[in-house]
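The structure appears below as structure tokens.
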Amino acid sequence: MRKTGIALLAGLFVLSIAAGGWAAEKSSAKGAPPPSWKTSSLVEKTATVTAVDQATRMVTLKGPEGNSVTFKASDEVRNLPQVKVGDTVKFAYYESLAVRVLGKGEAFPTAGESAAAARAKAGEKPAGVVGTETTVNATITAIDKKAKTATLKGEDGSP
């Protein structure tokens, strides 16, 4: 069985949080910056191509747990003719989260989303990379130190 490698980098998710209980507690020393943290993990998976319709560009992948997903490969997937039923597709993506508590009086950063992508050259082994970054602003409304959780309220008022 021919192996096809596809690298997929996705899920860069950035979360900015407004000033709240942590800022007051952690920055008690004058001039100390508000707390912040970030974490990232690489998720690597494989799937088997169970169907590919070159005319409609519909592809079905079956994961190792038996779950299947069918999607339409866009025209940007220029090496789709090389993909065959039975191919093993490898993909990897990063899941990242960054949190920053704003200092007293500091304005919210602009909320939004940005993305970037690249793909293999025509005739190369099918591959691609995609990245997205989402910035969300929220206010901490409650902190449960024992459970190490925080309750947030979005800019639109939603929990």
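All of the numbers you see were taken from the coordinates with simple rules; none came from a lab. Here the structure is a predicted model, which means the values were calculated and not measured. Neighbour counts are summed over all protein chains in view; Cβ atoms, including those assigned to glycine, are modelled from backbone coordinates with ideal geometry.
Quick look at the values:
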item: T151 vs. criteria without any contact (Cβ under 8 Å) to a residue 12 or more places away in the chain, assigned to a strand (DSSP E or B), at negative phi and surrounded by 11 or more Cβ atoms within 10 Å (Cβ to Cβ); result: yes
item: Elements of type strands (runs of 3 or more DSSP E) in region 68-137, at least 2 residues being within 26 Å of P159 (Cα to Cα) and under 24 Å from the mean Cα position of the chain (by Cα); result: 88-100, 112-119
item: Count of region 138-148 residues which are part of a strand (DSSP E or B), small (G, A, S) and exposed (fewer than 14 other Cβ atoms within 10 Å of the Cβ); result: 1
item: Qualifying positions in region 81-138 - of a type outside the set (A, V, I, L, M, F, W, C), farther than 25 Å from K45 by Cβ, touching a strand residue (DSSP E or B) at 6+ places or on another chain (Cβ under 7 Å) and in contact (Cβ under 8 Å) with a residue 40 or more places away in the chain; result: R100, P109, T135, N137
item: Of the criteria (1) surrounded by 17 or more Cβ atoms within 10 Å (Cβ to Cβ); (2) out of contact with any Gly (no Cβ under 8 Å at 6 or more places or on another chain), which one T110 fails; result: (1)
